[in-house]
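The values are calculated or read from the model by the stated rules, or taken from the named source; none is laboratory data. Note that the structure is a prediction, hence the values are computed from the model and not measured. Positions of Cβ are generated from backbone atoms using ideal geometry, with glycine treated the same way; all protein chains shown enter the neighbour counts. Side chains included, ligands, DNA and RNA excluded: accessible areas come from the protein's heavy atoms. Shrake-Rupley method; radii C 1.70, N 1.55, O 1.52, S 1.80 Å.
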Amino acid sequence: MFKKILFATSATPAGDYAARVAFELANRFDAHVSIFHVLGVPSRGFSQTVVDVRTGENVVLDDDYKSWVKEEIQTYYENQLKDHKASDVLIEVGFPHREILRYAREKKPDLIVLGGSTDENDDSVYKRHIAGSTIQRVTKSAPCPVLIVSRPAASFWGGISSIVFGTDFSPASDVSFQYANKIASSIEDGELHMFHAVDISNIHSSLAMSQDKIEETLRLARNKIRSKYVSQLEGFKKYSIDVWEGLPYVEIVKYAREKQADLIIMSHQAKDVDDDNARLGSNMEQVIMRATCPVISINRHTSGLVE
Amino acid sequence: MSEETLCNRQPIQTEESLKRLLKDSGGAQYYKEMKSLDVDQDLLWSTIQKTCKSRIRTWLEICAHCGMCAESCFLYLINDRDPTQVPAYKIQSTLGEIIKRKGRVDNEFMHMAMQTAWAKCTCCNRCGLYCPNGIDMGVMMSYLRGLLYAQGFVPWELKIGAGMHRVYNAQMDVTNEDFVETCEWMAEEYEEDYVGLHFPVDKENADILYTINAREVKHYPEDLAEAAILFHIAGEDWTITSKGWEQTSLAMFAGDWEACKIQVESVYDAMERLKPKRMIGTECGHAHRATVVEGPYWAGRENGLAPVKCMHYVEWVAEALREGKLVIDPDKRIKEPVTLQDSCNYVRNHGLKKITREIMSYMVAPGYFIDMSPNEEHNYCCGGGGGFNGIGLYRKERNQALITKRDQILKTGAKLVIAPCHNCWDAIRDLEEEYKIGIRWSFLKPLLIKMVKVPEHMQPKD
Amino acid sequence: MQDILTGPMIWLSLCVFVFGMLARIVLYIRGLDWKLDRVAYKAHPKAGMKGAARSIIYWLLPFATTSWRKQPVMTVAFFVFHLGAILVPLFLLAHNMILKDMVFLSSPITLNMCVADLLSWGVIVSGIVLILRRISLPEVRILTTTNDYFILFLALAPFVTGLLARYQVGEYHFWYTMHILFGELFLLLAPFTKLSHIALFFMSRAQLGMDFGIKRGGMKQGVSMAW
């Protein structure tokens, strides 16, 4: 199912774990990997100068510089590239999220792999002028699933076997389900754990739900999962269903931990990339930040798998 | 002059020569060749005789040498009141001198003139407001740029820029297909959040023809999306054009008048082809100046007006807010200290000083808007106008020039600067990068998107 | 010598002055070019005239423009100088008596003695201020040429000599003759020097006013350049 993987990287240690995952998946699914590096942010208006994202310096962009950067990237990922022949390195200039999305639109990869934030401090050349991080903007608008490895702990060391599928019963969740189902059934010892979090954390609700109401909601959700998804499993037996109440992202992370998940698949809901909310992030971003395994985000633009 | 040189009097007319010049990293070879570029003195003098008439000749002659222009020039002020930065001196020592010597000037002189024309003046025209004799030195400096360009003494990036307009009818290598494609892409990306969002292309007899800045296609397509969203929310009957969509003109900064004509005619052609009621441009100052204010003259239009009524983006926003086509949620107005940049090209040079402030009255909660000082038509250039922002050779001078705006902003105590102009936006971004005064800056569109009420039928269903 | 100076030379210098200035005005207007100047002069006459008028009037009033307000010393010196330099030659009683003899026409209004003295001294004092400005301010010094001092000399000489004659300092006859000489020199040279600004100030200001009035914002509703 994943035949063409776009691994977008800043070629810094922050992306090492994502690199490992990207190439692991490529091996597993016999996919082609494009290492995509956006080298600089346009700096002087209409001129040919960019700010190199790794050094922070102004450089005049020309073919020589691009070649040099390409070589650097190739050296950095030498081992992975050596072991995995079906790969190439692409260098672009611009704002990372924009160039990634532009590439995705044109070349239609099956999966985009992103690492965590490149920079913790606010001086990052990106943070300065765009609302929302690369992760936020790519997960919001990508035409295909986006896999994010945000922390070292979130890269898998062994194989993938335990898949957690988080649903909010939206159309995007239906698509996420297809992917989760496909992955779980196509890997050895695959297990599919289907989960829904009932949100009782809503600070706008003046009344806390009564315990009876909560349990009623849990029951209904469990039934919904059964009727919506189990029928589509086509005989795949190794699945489980759970519905917990709480603060959604916390519950998902806890659930994934309990199930020793190797992968979480969920749908992306945020309508807006808002300056104010950018730091707090939506549910999705919180899960990405906190999970101990990679997270695949599926948004409303991603079409379902064609059988 | 050899065909093989990069620095010569020929304008860039082909994609091939454009690429050749671009390859010369930073213009290293180009500037090296410039050191031995001959001055065609006959051409220089004959051009002056044909094109330099009463207005400029008289300006140069009756300059009373009173020095009142000095304090008006931000470059004079920021360079420790260096007397060689007095506007009258700058123009008299270059254009004045060329005319006195009837064009008998050498390579060294032209280098000095190039430096003066592009590193010591942004053509902001502020000096014209302070001279008792009504001498607009900014206008003369622009004329000088034309002479220098024709002689090949023009900064590398602007030679490229003028070439871009000649080859692509845009300031960057963005094709018509790129433009339309990117618009479609943006519609796809945003249509779920704004139901029914789309970009009408080449629609005839629409109310509004929207023109843009090519770099929005390349690097800031969100701006295109935001423009479409706002027109959509306002219920406008609008369209983009697949040809003649670029409003900017680096050719104007370069002094390449022929390219200026080619560029604006591509836009006027679109107007004549699609017959909109009016043309509205994106948030860019020099684009408006080139296409709406000066453009008609390059195109030979005797009434000095474009084929259709033209408005700057801020005029449309003000109208939309005034007429209730866009309604701002009062709770979402700006509630932090905010100030406003007056873009020379449409405030001082096209009278839109009140319009932008009208917009502020809708967008900013009472008490939070702090005007700069001086302001309106007396405000200072952002520091990056006239091409200054993009010329590598003069980056140091440009960074120095940013100090004026920096200090103006600091004095207002604002945390946010609204800059409805691409060049000003860049300059303010650069001043924050360089001097780190802790401000944010923005165009109007992203701010409006966050605060306008979205009609029911446009809101997503789920 | 005096006969020549007080006879044909007065005619000559006045004619040269009047026709010379007229010629400068005509040549200026004929050298305007809507396409090269990028101002549609003829296409929008009302806007053009409004712009031109505002451009001239605001600058003829002390402290009426931002620029005047920013340079108070210069503004005072400028206006005192020009007030005297214009009013005294035109409305001095003695001048008008001569004019009456020559062309049987003269100004109905003439300056009374005190006012004439005040204005003349004003010219001298402000003239000195202007010279001092040229010497002491770097931004003015860099622009100043010998020609600028010459012009100031040309304009001040008639006043200096005039006052010397009026107060009968030294030999009256000598200063009176010098006064006529310098006066005529002023008139003869005016059209050919920066003194042509007597006419061209108005031309240039009108032109810029039309530029802003027609092209650069004057036609936006309810907006005028706030000089």
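Details
- For B:Ala170, the residues whose modelled amide H falls within less than 5 Å of its own, excluding neighbours fewer than 5 places apart on the same chain, are B:His165.
- Buried between B and C is an accessible area of approximately 4500 Å², summed over both sides with a 1.4 Å probe.
- For segment B:267-307: rounded, prolate or oblate by the Cα gyration tensor [a/c cutoff 1.5]: oblate
- Accessible area of chain C belonging to carbon and sulfur atoms, whole % at 1.4 Å probe: 75
- Members of segment B:157-184 that become less accessible by 20 Å² or more once partner protein chains are added (1.4 angstrom probe, chain alone as reference): B:Glu157, B:Met172, B:Glu181
- Average other protein chain Cβ within 10 Å of Cβ, residues C:138-150: 5
- Over all orientations, segment B:154-238 has a Cα convex hull whose mean projected area works out to 6.2 square nanometres.
- Here segment B:314-462 exposes an accessible surface that is 53 percent carbon and sulfur, computed with a 1.4 Å probe and the other protein chains kept in place.
- Gap separating the Cα centres of segment B:48-79 and segment A:28-72, nearest whole Å: 45
- 3J(HN,Hα) along segment A:23-37: 6, 4, 4, 4, 5, 4, 9, 6, 10, 8, 10, 9, 7, 10, 10 Hz, from the Karplus curve 6.51 cos²θ - 1.76 cosθ + 1.60 with θ = phi - 60°, whole Hz, x for Gly and Pro.
- Whole-Hz ³J(HN,Hα) from phi, Karplus 6.51 cos²θ - 1.76 cosθ + 1.60, for segment A:219-234, glycine and proline x: 5, 4, 5, 4, 4, 5, 4, 4, 6, 6, 10, 4, 4, 7, 6, 6
- Here r is the Cβ-Cβ distance between B:Asp178 and B:Arg81 and R0 is 45 Å; the resulting FRET efficiency, rounded to 0.05, is 0.45.
- Mean accessible surface per residue for chain C, computed with a 1.4 Å probe while every protein chain stays in place, in Å²: 52
- On Cα atoms only, tilt of B:395-412 relative to the major axis of chain B in degrees: 50
- For segment B:31-114, the percent of C-alpha pairs falling in each 5 Å distance bin, counted from 0 to the bin holding the largest distance, reads 3, 13, 21, 19, 18, 15, 10, 2.
- Distance between modelled label sites at B:Val195 and A:Asp88, nm, 7 Å Cα→Cβ extension: 4.2
- The largest accessible area among A:Ser176, B:Ser373 belongs to the first residue in B:Ser373, A:Ser176, and the rest follow in falling order (1.4 Å probe, all chains).
- Mean per-residue shielding of peptide C:202-210 is 5, counting Cβ atoms of other chains within 10 Å of each Cβ.
- 3J(HN,Hα) from dihedral phi, segment B:441-451, Karplus parametrisation 6.51/-1.76/1.60, rounded to Hz, x for glycine, proline: 9, 7, 6, 6, 4, x, 5, 4, 3, 6, 10
- Residues of type lysines that C:Lys46 reaches as a straight line, Cα spacing below 18 Å, ignoring anything fewer than 8 places off in the same chain: C:Lys215, C:Lys220
- Other-chain or far-sequence residues with amide H under 5 Å of A:His193's (modelled H): A:Ile163, A:Val164, A:Phe165, A:Ser240
- Distance between the 7 Å Cα→Cβ label points at C:Met102 and C:Phe150: 2.4 nm.
- Excluding same-chain neighbours fewer than eight residues apart, the lysines reachable from A:Lys85 by a Cα-Cα span under 25 Å are A:Lys3, A:Lys4, A:Lys66, A:Lys70, A:Lys107, A:Lys108.
- Taking segment B:117-149 and a reference point 7 angstrom along Cα→Cβ of B:Asn107, the backbone N atoms nearer than 19 Å belong to B:148-149.
- At the residue level, C:Thr177 shows approximately 20 square angstrom of accessible surface with a 1.4 angstrom probe and all protein chains present.
- Solvent-accessible surface of protein heavy atoms, probed at 1.4 angstrom with all chains present, puts B:Met112, C:Met113 in the order C:Met113, B:Met112, largest first.
- Annotation: B:Tyr297 carries an accessible surface of approximately 10 Å², with a 1.4 Å probe and no ligand, DNA or RNA atoms counted.
- Built from the Cα atoms of chain B, the convex hull projects on average onto 21.8 nm², one quarter of its surface area.
- Among the residues of B:19-31, the average count of other protein chain beta-carbon atoms within 10 Å of the residue beta-carbon is 2.
- Each label point was placed 7 Å from the Cα along the Cα-to-Cβ direction; for B:Gln459 and A:Asn58 their separation is 4.7 nm.
- Our note on the geometry: Cα centres of segment C:15-55 and segment B:320-364, 37 Å apart.
- Summed over qualifying helices (DSSP H, 4 residues or more, each -39500 (n - 2.57)) and divided by its residue number, the protein assembly as shown shows a 222 nm mean residue ellipticity of -15000 deg cm²/dmol.
- Difference of contour (0.36 nm per residue) and Cα-Cα distance, B:Ala365 to B:Asp329: 11.9 nm
- Overall shape of the protein assembly as shown was characterised from the C-alpha gyration tensor. The equivalent ellipsoid obtained from it has semi-axes of 70, 29, 23 Å, in decreasing order.
- Heavy atoms of A:Val243 accessible to a 1.4 Å probe, total area in Å² rounded to 10: 10
- Chain B contacts chain A over a buried accessible area of about 3200 Å², both sides summed; the probe is 1.4 Å and only protein chains count.
- Förster radius 60 Å - calculated FRET efficiency between A:Ser186 and C:Leu60, Cβ distance, rounded to 0.05: 0.10
- Ranking by accessible area, most exposed first, for B:Arg440, A:Arg137 with a 1.4 Å probe: B:Arg440, A:Arg137
- With Cα atoms, 0 to 90° folded angle of helix C:172-189 axis to chain C main axis: 30
- Estimated FRET transfer efficiency when R0 is 30 angstrom, pair C:Ala23-C:Glu171 (beta carbons, to 0.05): 0.20
- Overall form of segment C:1-68 per C-alpha gyration tensor (a/c, 1.5; a/b vs b/c): oblate
- For B:Val364, residues with placed amide H under 5 Å, excluding near neighbours: B:Ile334
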